[in-house]
Every structure is written in structure tokens, then in C-alpha cells.
Amino acid sequence: MPHSTWRCNCGQSRQLPSFVAQRPNITLQHVVPKRYKSLRSSPIVCSAPACVEVDESVHVGQTLYGRGLLSRQDLPSGKRLLSVPFSQLLLLPDKVDPSFQKIQERFLRDHGELPVDLLRFIQGEARWDLRLTAWLLWLATHGSKFWKQYIQSLPKEHEMTCLLNYSPEEQPQLQWLASEAAAQHTWAQDSHTSIFSSQTGLLRSLQLANTLQDTLWAMSLVRSRTFSEAVQSTDLALMVPTADLANHSFQQNSVYALRATQGTFELKSCQPIKEGQAVCISYGADKTNAELMRDYGFFVPGNPNDRLDLAVSSWQQHAPVVAKPAQLLFKALNGSPAPLTEEQRPRLLAGPFLKAVGLAGKVQANKLLIAGLSRKETSAACAEDADLSRKLAAVLSLPVCKSASVVDGSRTTSSFWPPKSFTDSGEPALRTTLTSRERAQQRQAVDMLQKHCKSLQAWGTGPESDDSFADSSAGTPRQRQALRARTDHNCLIQAAHSVLETYKQSMNQNVVLSRS
């Protein structure tokens, strides 16, 4: 088997699984996410299992996001931090691969004899996450001392905050994520009934899950803690004790790899790590908070990948799921702007708008640059300041174009500049002044977009009221996490409203100056 080289697991794009290509009607809720380790705040044991080799320079301790791996001393780039032998991890190919059969049999032998029904299912054609869920449920009651020790250290189902864990009664608290959580939970419930249930499931002879909570526990652990790697062109899913303590950061300092020739899974630093700093990998460089909450149960304050849909009040889609007094819901629905046609869609002129918010002419490849700062300096500033990161994300959410839209009958002429394809390479300098007609158009566009911002906040608690409770210890872990997530999302909406207000004030000041 060829040596598995180190690679930076930063969320590179992968093709959709084959079953998605064959069934184009499958919704996003049922597409298996890219797999990167989960972040969590649940208590775990503070020592690694005996068979896991952890470098003495690293220990388990408290981080910003709960338990994680911390450095005891300054570490150089390229330092091996831990090593887990093949015999102490779970590994499955994404799909049936005859060429991988012998390797898979070796892993199965390392974990002892498995029931025929379980072995057939694990080696079958079900989705990788369902097969790994079955294996984990089996180990929970029949595993070796090593696996029982590891499983006892894992969070309980009531502590887990992936979207599929939210019950119908809890889903309304997620507000903007309520519909996604409903779809996730329904899928998990159907999988429990048809596969894992000790009463009705395909694997009922194995007595894997007596309750839905048993299945939700295993499914959310598989979803949130599984690594992805490739060996001999075969995509693999792995559960790796202790290595799954590595937390997430968009500025990762470590990477992982499956070292096939050594028979180990290893974690290695890719940047210098200071004493006391958390060991972090990336769960995906382009993950939004919606994806992070769906797959891992956490969010990043001021996530630079987040975007708002201001073309229509998308929260209306969630109204049937969200619990709200009928009178308030009716008022919010009727006070929300109607969907807009392409001709009616508000557009902001890039030159004057970006100048007004301190970003004029500094746009490149979907990465806004703060005036006077380089791309690297802008990224570092946003990493330290969640409010600044939200500001840039809000600007990228807004419909920006190079020239104003002029409607002539059914024909609309404009040079629209989609937020995700910003580039100033080879482009002439943007005009930053406005004609009288353009100023009137821009004011109308700002008013319309601000109205949409308010409509997005109309159905839930605002950032001020949510923020006062966000750090409260009251409620369940899922209630607290839902509150924090919607607070952060409301802050992004408020950031969009604020940059629009800045633009409006700038236009008013320019009018005064021109008259004087």
C-alpha cells in the first residue's frame, strides 16, 4: 500500500456522492456532508486510552469551546502530536469497493468477531454514516474494554446539539434553522424505525437501539466526529479516539493523515503552536454556520462564510415550523416584503457603496479588503474581531453591481456583480460618484433592503433581547445553543442594516456638500 502523504484538510470541494447524481430530486438535507471532526462543550475524560500515543507536549484541557487538545509548550511546525494504531479506530469505505476488501477485513479482525447480520450490513451498500452508526451501536454494548472506555467518555444524547438531535418541540427555538432541523430529525427517525430499532428495524435481531434517543446519539456522534481520508483512491470514513478532540479553526495549526505504511492515524502541527494554545484542524474552510450547526452542533461567531438572502424574506418558509402567537405571526407575515422580480431587485452601486463602508476598490475573489490593509491583514483582523467579520459578510450578502439598473419596459440593463464573484483584476477603477438619478435609485434600493432586514428579524427575538440571555446557564444544552446561534445570526442581519444605513448617511452628506 502506498504511503499516505500529509495533506491540509481544509475542505476542498468534492463531487457529490453517486446516489445524489442518480437521484437529482434528493434535497440538501439528505446529502452526506464532508466529514470533519466535531467541536463540542460536553465533558470528556482527561486522559487518552492506553493504546493511543499522545506526545507529552500535548494534553487534554479546557478550551474556548469546551474540552480539547492544548499545547504544554511552544511547538514547531511539523511536530507529531498523537498517533492512533489501526486496531483502535473504526474505518469504513464510503461505498462498496472490492479492491479494499482485504484491508477492511483486517480492520474487522482487529475488533473481534462480529455477528453475521452486522458484518453483512457494514460491508453492504448502505450509506457510510448508517453503516458506521450500526457499528458504533454494537460497540456500545459489546465492545472491548478500550471501546467501552472511549464510549463512556462521549457526551450523552441530551447534551448533543446537531440539528438532527432537536425534537419537534425544540426545533422552533432555532428559528432560521427550524426547517432544516425538522428535515434532519425526520430522516434520523425514519432511519431508526427502518434499520436500527430493536422492535421494527432491519437489524432488530442485534438489539442495537431500544429508543430513538439511542439512534440519535450514535448518528450525531458519527456525523460530528468522523474524519475523512483517501487510500488507494478509496474515500474512507474514520472514527479516531482522542484525535477527535482537535477543535476547529479557520486558522488551523494542525492536519491529520492516515499513515498506511505505519498502520497509524496521526495528527501533526502545520504551524508553530504557542504554549497553552489549542490544537486546531479545519472542518472545512468554506463552512457556514448553518452547515456547522447541522453537522457538528456549534457555530463560529462572525463566521466569514455566512450570507443573508435579502432577495425575499426567506423566514416565511419556516413560518409553519416556528411557534409564535397567531396575531404576531400574522402581523409579521403581512408586514414582510413580497418576493421581487429580477427587474425589481434592488442593486447597490459598487463604487460609492464600498467607499462609504471603507472598502472602496478593495474587492478580490469574494474576499473584501479593508482600505489600507492587505488580504492577509484583513483576514487576521476579522479573525480577531467578530463584528468586523460580520460587516464583511453582510456586504458580501448584498446585491452589488457595477452600474445602476435602468428599467425600460420589459428590458432591464445593468451590469450586475454577484457578491460571490467579486474581482477587480483587469477591471477599471470603479466610479465613486453618483448622479442625481442614481442617488434617488440608491436611496430606494437601501430602503427596500433595510425593510427586508427588518422582516428577517420580525419573527424572532432581536439581538438585544437574545444577547442578554445568551450566556445564561438556564435551559438545556440544545436550548442554549439554539439561543446563541440565532443571536449570532441576528447580529449578521443587524450588520447588514448598519452598512446600509452608513451608505444612506453618506449619500445625504454628499448632497449637503454639493449644495454648499
- Task: Evaluate the distance, in nm, between pseudo-label points positioned 7 Å from the Cα of Asp235 and of Lys376 along their respective Cα→Cβ axes.
- Result: 3.3 nm
- Note on the structure: Placing each pseudo-label 7 Å from Cα in the direction of the beta carbon, Thr141 and Gln251 end up separated by a distance in nanometres of 4.8 nm
- Query: Going down the list Lys391/Lys454; Lys355/Lys376; Lys156/Lys391; Lys287/Lys454; Lys355/Lys454; Lys287/Lys391, which pairs span over 28 Å between their C-alpha atoms?
  - Reply: Lys156/Lys391
- Message: Using each residue's phi in region 443-455, evaluate 6.51 cos²θ - 1.76 cosθ + 1.60 at θ = phi - 60° and report the 3J(HN,Hα) Karplus result to the nearest Hz, with x for Gly and Pro.
- Response: 5, 5, 5, 5, 4, 5, 5, 5, 5, 5, 4, 5, 5
- Note on the structure: Classified through the alpha carbon gyration tensor (a ≥ b ≥ c as square roots of its eigenvalues; rounded if a/c is under 1.5, else prolate when a/b is larger than b/c, else oblate), region 145-226 comes out oblate
- Query: For Gln213 and Asp309 in one chain, what is 0.36 nm times their gap in residues minus the Cα-Cα distance, to one decimal in nm?
  - Reply: 31.1 nm
- Query: Label-point separation (nm) for Gln199 and Arg80, each offset 7 Å from Cα along Cα-to-Cβ?
  - Reply: 5.1 nm
- Note on the structure: A 1.4 Å probe over the protein heavy atoms gives region 149-274 a carbon and sulfur accessible-area percentage of 48 percent
- Message: Keeping every protein chain present and rolling a 1.4 Å probe, give me the accessible area per residue for region 139-252 in Å².
- Response: 35 Å²
- How do Ile370, Ile493 stack up against each other in accessible area, from largest to smallest, with a 1.4 angstrom probe? Ile370, Ile493
- Exposure ranking of Trp187, Trp135 by accessible area [1.4 Å probe, largest first]: Trp187, Trp135
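The values are calculated or read from the model by the stated rules, or taken from the named source; none is laboratory data. Since this is a predicted model, take the numbers as computed values, not measurements. With ideal geometry, Cβ positions are generated from the backbone for all residues, glycine too; neighbour counts draw on all protein chains shown. Remember, those area values only see protein heavy atoms, side chains included, never the ligands or the DNA or RNA. Shrake-Rupley method; radii C 1.70, N 1.55, O 1.52, S 1.80 Å.
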